[in-house]
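Visitor: If you scroll down you'll find the structure; I have some questions about it.
The values are calculated or read from the model by the stated rules, or taken from the named source; none is laboratory data. Since this is a predicted model, take the numbers as computed values, not measurements. Cβ placement follows ideal geometry from the backbone for every residue including glycine, while neighbour counts extend to all protein chains displayed. When the accessible area is computed, the model is the full protein with side chains, heavy atoms only, and any ligands, DNA or RNA have been set aside. Shrake-Rupley method; radii C 1.70, N 1.55, O 1.52, S 1.80 Å.
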Amino acid sequence: MTLEDFLIRAAGGRPPAADGTVTIVAQPSPRDMGVIAFTGHSVVFADLDTRWLRDRLPEGDLSAPLNPPFLRALELETGRAVDNVDVLALGLPERGPLPSWLTEVTGHDHPRVARAMRHRSAVRVWVCEEGVLTIGRGVAGRWEAAVEVAPEHRGRGAGRRLALAARRLCDAPLWAQIAPGNAASLRAFLAAGFAPMGAEALLVAAESR
(Lines give C-alpha, C1' and ligand atoms only; values in the text may rest on other atoms or scores of the structure.)
Protein backbone atom coordinates (compact mmCIF):
# COMPACT_ATOMS: atom_id res chain seq x y z
CA MET A 1 0.00 0.00 0.00
CA THR A 2 1.24 3.45 -0.93
CA LEU A 3 -0.11 6.76 0.33
CA GLU A 4 -1.82 7.18 -3.03
CA ASP A 5 -3.56 3.84 -2.48
CA PHE A 6 -4.87 5.00 0.91
CA LEU A 7 -6.19 8.23 -0.59
CA ILE A 8 -7.84 6.53 -3.56
CA ARG A 9 -9.54 4.01 -1.30
CA ALA A 10 -10.69 6.70 1.12
CA ALA A 11 -12.11 8.76 -1.75
CA GLY A 12 -13.97 5.64 -2.88
CA GLY A 13 -15.60 5.18 0.51
CA ARG A 14 -13.06 2.69 1.87
CA PRO A 15 -10.92 4.46 4.49
CA PRO A 16 -8.46 2.35 6.47
CA ALA A 17 -9.89 0.16 9.19
CA ALA A 18 -10.33 1.92 12.53
CA ASP A 19 -8.11 -0.63 14.24
CA GLY A 20 -5.93 1.73 16.28
CA THR A 21 -2.79 1.11 14.26
CA VAL A 22 -0.22 3.29 12.50
CA THR A 23 0.89 2.44 8.98
CA ILE A 24 4.26 3.73 7.77
CA VAL A 25 4.72 4.18 4.02
CA ALA A 26 7.32 5.77 1.76
CA GLN A 27 7.08 9.41 0.79
CA PRO A 28 5.20 9.77 -2.49
CA SER A 29 7.75 12.41 -3.55
CA PRO A 30 10.68 14.31 -2.01
CA ARG A 31 8.28 17.22 -1.42
CA ASP A 32 5.60 15.33 0.49
CA MET A 33 6.27 14.19 4.06
CA GLY A 34 3.82 14.07 6.92
CA VAL A 35 1.02 12.33 8.77
CA ILE A 36 -2.64 11.73 7.95
CA ALA A 37 -4.91 10.61 10.78
CA PHE A 38 -8.05 8.86 9.62
CA THR A 39 -10.59 7.61 12.16
CA GLY A 40 -8.71 5.15 14.35
CA HIS A 41 -5.84 4.70 11.88
CA SER A 42 -2.90 6.99 11.07
CA VAL A 43 -0.59 6.91 8.07
CA VAL A 44 2.94 8.30 8.38
CA PHE A 45 4.65 8.99 5.06
CA ALA A 46 8.33 9.64 5.64
CA ASP A 47 11.53 8.17 4.23
CA LEU A 48 12.97 7.50 7.67
CA ASP A 49 13.99 4.35 9.48
CA THR A 50 10.83 2.46 10.44
CA ARG A 51 12.20 1.40 13.81
CA TRP A 52 13.14 5.01 14.64
CA LEU A 53 9.59 6.07 13.84
CA ARG A 54 7.98 3.25 15.83
CA ASP A 55 10.15 4.00 18.87
CA ARG A 56 8.59 7.47 19.03
CA LEU A 57 4.98 6.30 18.75
CA PRO A 58 3.66 4.94 22.08
CA GLU A 59 1.66 1.78 21.42
CA GLY A 60 -2.06 2.27 21.85
CA ASP A 61 -1.91 6.08 21.75
CA LEU A 62 -4.22 6.96 18.85
CA SER A 63 -3.38 10.65 19.00
CA ALA A 64 0.43 10.27 19.14
CA PRO A 65 1.16 10.66 15.39
CA LEU A 66 -0.31 14.19 15.37
CA ASN A 67 0.80 15.23 18.85
CA PRO A 68 3.65 17.75 19.34
CA PRO A 69 6.30 15.28 20.66
CA PHE A 70 6.23 13.12 17.54
CA LEU A 71 5.92 16.01 15.10
CA ARG A 72 8.76 17.83 16.84
CA ALA A 73 10.95 14.73 16.60
CA LEU A 74 10.28 14.65 12.85
CA GLU A 75 11.21 18.32 12.57
CA LEU A 76 14.51 17.84 14.39
CA GLU A 77 15.38 14.71 12.41
CA THR A 78 14.62 16.17 8.99
CA GLY A 79 15.19 19.91 9.32
CA ARG A 80 11.67 20.50 8.08
CA ALA A 81 8.85 22.36 9.81
CA VAL A 82 5.25 21.36 10.43
CA ASP A 83 3.19 23.71 8.29
CA ASN A 84 -0.05 23.23 10.23
CA VAL A 85 -2.37 20.52 11.52
CA ASP A 86 -5.35 20.76 9.20
CA VAL A 87 -8.75 19.19 8.81
CA LEU A 88 -8.61 17.07 5.66
CA ALA A 89 -11.89 17.17 3.73
CA LEU A 90 -13.06 15.50 0.54
CA GLY A 91 -15.43 16.75 -2.13
CA LEU A 92 -16.63 14.54 -4.98
CA PRO A 93 -17.29 15.94 -8.46
CA GLU A 94 -20.55 17.87 -8.65
CA ARG A 95 -22.68 17.85 -11.78
CA GLY A 96 -24.09 21.18 -12.81
CA PRO A 97 -23.39 24.27 -14.89
CA LEU A 98 -19.84 25.54 -14.83
CA PRO A 99 -19.53 28.77 -12.84
CA SER A 100 -19.54 31.44 -15.56
CA TRP A 101 -18.93 34.11 -12.91
CA LEU A 102 -15.35 32.83 -12.49
CA THR A 103 -12.54 33.82 -14.85
CA GLU A 104 -9.49 31.61 -15.28
CA VAL A 105 -6.24 33.55 -15.18
CA THR A 106 -2.49 32.94 -15.44
CA GLY A 107 0.33 34.76 -13.71
CA HIS A 108 -1.87 35.91 -10.82
CA ASP A 109 0.16 37.37 -7.92
CA HIS A 110 -2.31 36.76 -5.08
CA PRO A 111 -0.61 35.27 -1.94
CA ARG A 112 -2.96 32.27 -2.07
CA VAL A 113 -1.77 31.54 -5.60
CA ALA A 114 1.90 31.91 -4.63
CA ARG A 115 1.38 29.39 -1.83
CA ALA A 116 -0.37 26.97 -4.17
CA MET A 117 2.53 27.15 -6.62
CA ARG A 118 4.99 26.19 -3.86
CA HIS A 119 3.06 23.14 -2.73
CA ARG A 120 1.24 21.92 -5.84
CA SER A 121 1.78 21.26 -9.52
CA ALA A 122 -0.54 21.77 -12.49
CA VAL A 123 -2.11 24.69 -10.62
CA ARG A 124 -5.08 26.46 -12.20
CA VAL A 125 -6.48 29.75 -10.90
CA TRP A 126 -9.90 31.36 -11.16
CA VAL A 127 -10.86 34.79 -9.88
CA CYS A 128 -14.01 36.80 -9.34
CA GLU A 129 -15.00 39.89 -7.41
CA GLU A 130 -15.57 37.75 -4.33
CA GLY A 131 -12.22 35.98 -4.22
CA VAL A 132 -9.77 33.44 -5.65
CA LEU A 133 -9.99 29.68 -6.26
CA THR A 134 -7.01 27.43 -6.96
CA ILE A 135 -6.96 23.75 -7.92
CA GLY A 136 -3.76 21.75 -8.32
CA ARG A 137 -2.08 18.42 -7.72
CA GLY A 138 -0.76 18.15 -4.18
CA VAL A 139 0.15 15.31 -1.82
CA ALA A 140 0.59 12.00 -3.66
CA GLY A 141 -0.80 13.59 -6.81
CA ARG A 142 -4.26 14.16 -5.36
CA TRP A 143 -6.30 17.15 -6.58
CA GLU A 144 -6.48 19.89 -3.94
CA ALA A 145 -8.61 23.04 -3.76
CA ALA A 146 -8.11 26.25 -1.83
CA VAL A 147 -10.18 29.43 -1.71
CA GLU A 148 -9.58 32.96 -0.47
CA VAL A 149 -12.51 35.32 -0.01
CA ALA A 150 -11.96 39.06 -0.35
CA PRO A 151 -12.40 40.76 3.06
CA GLU A 152 -15.33 42.90 1.93
CA HIS A 153 -17.26 39.78 0.82
CA ARG A 154 -16.77 37.62 3.90
CA GLY A 155 -19.81 36.38 5.78
CA ARG A 156 -22.03 36.39 2.68
CA GLY A 157 -21.64 32.80 1.40
CA ALA A 158 -18.80 33.50 -1.04
CA GLY A 159 -16.60 30.76 0.44
CA ARG A 160 -19.33 28.17 -0.04
CA ARG A 161 -19.90 29.27 -3.63
CA LEU A 162 -16.19 29.07 -4.46
CA ALA A 163 -15.82 25.65 -2.82
CA LEU A 164 -18.84 24.33 -4.70
CA ALA A 165 -17.45 25.78 -7.92
CA ALA A 166 -14.28 23.77 -7.32
CA ARG A 167 -16.31 20.55 -7.28
CA ARG A 168 -17.85 21.48 -10.63
CA LEU A 169 -14.52 22.44 -12.21
CA CYS A 170 -12.69 19.23 -11.21
CA ASP A 171 -13.86 15.86 -12.52
CA ALA A 172 -11.97 13.88 -9.86
CA PRO A 173 -12.12 13.60 -6.05
CA LEU A 174 -10.98 16.91 -4.63
CA TRP A 175 -9.26 17.37 -1.27
CA ALA A 176 -9.07 20.47 0.91
CA GLN A 177 -6.81 21.25 3.87
CA ILE A 178 -8.55 23.57 6.33
CA ALA A 179 -7.09 25.08 9.50
CA PRO A 180 -9.34 23.97 12.39
CA GLY A 181 -9.39 27.48 13.82
CA ASN A 182 -10.70 28.91 10.56
CA ALA A 183 -14.30 28.15 11.44
CA ALA A 184 -15.68 30.27 8.59
CA SER A 185 -13.69 28.31 6.01
CA LEU A 186 -14.61 24.99 7.59
CA ARG A 187 -18.30 25.89 7.53
CA ALA A 188 -18.02 27.00 3.90
CA PHE A 189 -16.47 23.75 2.71
CA LEU A 190 -18.94 21.63 4.68
CA ALA A 191 -21.83 23.62 3.24
CA ALA A 192 -20.40 23.03 -0.25
CA GLY A 193 -20.57 19.26 0.27
CA PHE A 194 -17.04 18.49 1.42
CA ALA A 195 -16.88 15.78 4.09
CA PRO A 196 -14.26 15.58 6.86
CA MET A 197 -11.96 12.60 6.31
CA GLY A 198 -9.37 13.15 9.03
CA ALA A 199 -6.51 15.44 9.94
CA GLU A 200 -3.16 16.08 8.30
CA ALA A 201 0.22 17.57 9.18
CA LEU A 202 2.77 18.19 6.43
CA LEU A 203 6.46 18.79 7.06
CA VAL A 204 7.67 21.47 4.71
CA ALA A 205 11.25 21.93 3.53
CA ALA A 206 12.84 25.33 4.16
CA GLU A 207 12.85 26.29 0.49
CA SER A 208 9.08 25.71 0.26
CA ARG A 209 8.04 27.85 3.24
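Visitor: In the neighborhood of A150, defined by Cβ-to-Cβ distances under 10 Å, what is the net charge if each Lys or Arg adds +1 and each Asp or Glu adds -1?
Guide: -3
Visitor: Taking the Cα atoms of the chain alone, what are Rg (to one decimal) and Dmax (as a whole number) in Å?
Guide: 17.3, 53
Visitor: Report the percentage of all Cα-Cα pairs in the stretch 167-209 whose separation exceeds 17 Å, rounded to a whole percent.
Guide: That tail contains 45 percent of the Cα-Cα pairs.
Visitor: Hey, what do the phi angles of the stretch 181-193 turn into as Karplus ³J(HN,Hα) couplings, whole Hz, using 6.51/-1.76/1.60 and θ = phi - 60°, x for Gly and Pro?
Guide: Values, residue by residue: x, 8, 4, 5, 5, 4, 4, 5, 5, 5, 5, 8, x Hz.
Visitor: Then there's this: To the nearest 0.05, how large is the calculated FRET efficiency for A73 and S100 if R₀ is 45 Å and r is the Cβ-Cβ distance?
Guide: That gives a FRET efficiency of 0.35.
Visitor: A follow-up question, please. M197's amide H: which non-local residues (gap 5+, or another chain) put their own amide H closer than 5 Å, with H modeled 1.01 Å from N in plane and none for Pro or chain starts?
Guide: L88, A89, L90
Visitor: If you don't mind, there's one more thing I want to ask. Percent of accessible area on the chain owned by carbon and sulfur, 1.4 Å probe?
Guide: Of all accessible area on the chain, carbon and sulfur atoms account for 51 percent.
Visitor: Let me ask something else about it. Rg (Å, one decimal) plus Dmax (Å, integer) for the alpha carbons of the stretch 107-166?
Guide: Both quantities, over Cα of the stretch 107-166: 11.4, 35 Å.
Visitor: Let me ask another. Evaluate the distance, in nm, between pseudo-label points positioned 7 Å from the Cα of T39 and of S63 along their respective Cα→Cβ axes.
Guide: 1.9 nm
Visitor: Moving on to the next point. Could you report the chain's accessible area per residue, 1.4 Å probe, as an integer in Å²?
Guide: Result: 50 Å² of accessible area for each residue.
Visitor: Moving on to the next point. What is the packing order of peptides 187-195, 99-107, taking the mean over residues of other C-beta atoms within 10 Å and listing the highest first?
Guide: Top to bottom by mean Cβ count within 10 Å: 187-195, 99-107.
Visitor: Something else now. If R0 is 41 Å, what FRET efficiency do you get for R156 and R31 from their C-beta distance, rounded to 0.05?
Guide: 0.70
Visitor: Continuing with this model, one more query. Under the rule of -39500 (n - 2.57) per DSSP H run of 4 or more residues, summed and divided by the residues of the chain, what mean residue ellipticity at 222 nm is obtained, to the nearest 500 deg cm²/dmol?
Guide: -7500 deg cm²/dmol
Visitor: Another one. Residue-wise, which Karplus ³J(HN,Hα) couplings in Hz belong to the stretch 29-38, taking 6.51 cos²θ - 1.76 cosθ + 1.60, θ = phi - 60°, and x for glycine or proline?
Guide: Taking θ as phi minus 60°, the curve returns 7, x, 6, 9, 9, x, 9, 10, 9, 8 Hz for the stretch 29-38.
Visitor: Same structure again: So for the chain, taking the charge dipole from beta-carbon charges (+1 Lys/Arg, -1 Asp/Glu), which of C128, L66, G34 sits furthest toward the positive end?
Guide: Looking along the dipole axis, the top candidate is C128.
Visitor: Hey, what does the equivalent ellipsoid look like for the stretch 7-61, semi-axes from the Cα gyration tensor as sqrt of 5 times each eigenvalue, largest first, whole Å?
Guide: In descending order the semi-axes read 19, 17, 7 Å.
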